[in-house]
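First comes the structure, then the notes that go with it.
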Amino acid sequence: MYANLQALMILGVVFYTSQDTPTQDGKTINFWSGGHHVYLNCVLLANLIILRMQHNFTGFNLIIIACQIASYFVFLWYFSITLETDVIYRFGEVFMSSYPAWIGCFFVVSSMWSIDRMLHAIRISVGQCIYGNPGVQAHELDLTEARQRATIRVSTQTKGSNASRFK
Amino acid sequence: MLLHATDDMEVVIGCRVSPKQKGDIVSLVRMRHPDKVTLAIGDGANDCNMISKAHVGVGIAGREGMQAARTSDFAIGKFKMLLTLTFFHGREAYRRNGELILFMFYKNVLYVMVQFLFGYWSVFSGQTMYEKWMYQIYNVTFTGLHNIWYALFDQEFEKHVLKNTPIFYSIGM
């Protein structure tokens, strides 16, 4: 459900809006560039979602994510000079100079939060309609509360240990 | 009859049981309660039968040789490590597996559904939006490395926090 909604959003926001949009130099984003822009957003979203799933952040996470996203451009460049299919070689130049492309990326990334909220609201209201009482969410609320408490406890202990280390 | 008598008991101690009988007890429990998960732990060659018949076999490597550790799914050095194995590593592995399976579905549905929805626009002519090579390397290059990192190193809470909070052990979490 989540992926379907995001796929719909990517197609709507990124592909249809960027189709044949004139860029600063008067060129247009053609079909293949639009398609690969969609693909870039899929890669971006998949990487950001797994980054959000992580609980302990280290620099390596961000490096891996950055490398994976950057490798997309490297592969496109490589394919454009080796495959000689001529369908994607203009992706970089078109993408970089296109406002709709950048705005599309922004909307897609922001959909991580907006679609989350929407699905959460739907799930709660559907749960109430089916089960009639908020008992369905009781377990979920308990878990959320326990997670918050545990996080606070961990952060307090970490601060304490740092303080004692400095003493 | 043995299981019928011991159904309501929390602890059952069996004395002077042969290796085969140990294995049989595990098999009987699995047969009587197919929805339950069994764990067998042992340190010697006489526990191998039991370890191999349980859902989760844990072997202790040490004084009595390596047979139990080699038969088991998980090998530990001391009996006291069982607590950490099940309540920390077990729980974390369960969580990471579950989340990664969902993530795998998510990321593949994401980029396949775009193509499917595009079919309505192209009257299902079979026109692809991406270069064919891009399809092949999506899971391997663009979204693959971080999954390995997540599966190996992600940790939600510290050991002592998990052990003191029983609600974190519910199914589905």
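Considering the conditions (1) in a helix (DSSP H, G or I); (2) more than 27 Å from B:LYS159 (Cβ to Cβ), B:THR84 is excluded by exactly one of them, (2). Listed by first and then second residue, the pairs with beta-carbon distance under 7 Å, at least 6 apart or on different chains, first residue in segment A:100-123 and in the same structural domain as A:MET9 (by TED's automatic domain parsing) and closer than 15 Å to A:ASN4 by Cα, second of a type in the set (Phe, Trp, Tyr) and modelled with pLDDT under 75, are A:ILE115/A:TYR2; A:LEU119/A:TYR2.
In the list B:VAL140, B:VAL161, B:VAL112, which residue meets the criterion of being assigned to a helix (DSSP H, G or I), within 7 Å of chain A (Cβ to nearest Cβ) and not basic (Lys, Arg)? I'd like the intermediate steps shown before the answer.
Details: B:VAL140 fails: within 7 Å of chain A (Cβ to nearest Cβ); B:VAL112 fails: within 7 Å of chain A (Cβ to nearest Cβ).
Just a single option satisfies the conditions, and that option is B:VAL161.
Name the single residue, out of those in segment B:10-31 being part of a helix (DSSP H, G or I) and over 13 Å from B:SER52 (Cβ atoms), that is farthest from the chain's Cα centre (by Cα).
Applying the first criterion (part of a helix (DSSP H, G or I)) to segment B:10-31 yields B:19-31.
Those left that are additionally over 13 Å from B:SER52 (Cβ atoms): B:21, B:25, B:28-29, B:31.
Numbers: B:GLN21: 27, B:ILE25: 23, B:LEU28: 22, B:VAL29: 20, B:MET31: 21 Å.
Per the criteria, the residue is B:GLN21.
The selection criterion, being at negative phi, out of contact with any helix residue (DSSP H, G or I) (no Cβ under 7 Å at 6 or more places or on another chain) and not small (Gly, Ala, Ser), holds for B:VAL112. Filtered by the rule that a residue be modelled with pLDDT under 75 and surrounded by fewer than 16 Cβ atoms within 10 Å (Cβ to Cβ), segment A:91-115 gives A:GLY92, A:GLU93, A:MET96, A:SER97, A:TYR99.
The values are calculated or read from the model by the stated rules, or taken from the named source; none is laboratory data. All figures in this text were calculated on a predicted structure; none of them were measured in a lab. Heads up, the Cβs are rebuilt from the backbone with ideal geometry, glycines too, and the neighbour counts pull from every protein chain shown.
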